[in-house]
Amino acid sequence: MNIPKHKRFFSINGHEAENLFDLKQIIINLSEDDFKHHTSANGKNDFANWLRDILHKDILAQTVEETHLKGEVLNQN
C-alpha cells in the first residue's frame, strides 16, 4: 500500500511509517519518553488515531488506544 507522504505517520524522532510494519519498527526504536510524546493519559494517542483514520484498522486502533505502555502496544496484532 502506498500512502501519500502527507498521510504517513511521522514520529517525534523523524521516522515515518506508511504501513503496520513500519509503525511497529518506529515504536520498537522509540525511547520511552518519545513513546509517551505520542500517547498520554488524557486521551491523546497518535498511534491509534493514525491506525483508525489512515489505515482504517478500527479494532486494532481501539486496542492500542486502551493502553499507554510501549510493550503492550507492541504485543497487539
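To keep it simple, each residue is scored yes or no on (1) within 19 Å of GLN62 (Cβ to Cβ); (2) surrounded by fewer than 11 Cβ atoms within 10 Å (Cβ to Cβ); (3) of a type in the set (A, V, I, L, M, F, W, C).
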position: ASN2; (1), (2), (3): no, yes, no
position: HIS6; (1), (2), (3): no, yes, no
position: PHE10; (1), (2), (3): no, no, yes
position: GLU18; (1), (2), (3): no, no, no
position: LYS24; (1), (2), (3): yes, no, no
position: ASN29; (1), (2), (3): no, no, no
position: ASP34; (1), (2), (3): no, no, no
position: SER40; (1), (2), (3): yes, no, no
position: LYS44; (1), (2), (3): yes, no, no
**Request:** Scan segment 46-73 residue by residue and report those that are surrounded by 12 or more Cβ atoms within 10 Å (Cβ to Cβ) and among the aliphatic types (A, V, I, L, M).
**Result:** ALA48, LEU51, ILE54, LEU55, LEU60, ALA61, VAL64, LEU69, VAL73
**Prompt:** Here are some conditions: (1) modelled with pLDDT of 95 or more; (2) under 13 Å from VAL73 (Cα atoms); (3) out of contact with any helix residue (DSSP H, G or I) (no Cβ under 6 Å at 6 or more places or on another chain). LYS36 meets all but one. Which one does it not meet?
**Reply:** (1)
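The values are calculated or read from the model by the stated rules, or taken from the named source; none is laboratory data. This structure is a prediction, so every number in the text was calculated from the model and none was measured. All Cβ positions, glycine included, derive from the backbone under ideal geometry; neighbour counts span all protein chains shown.
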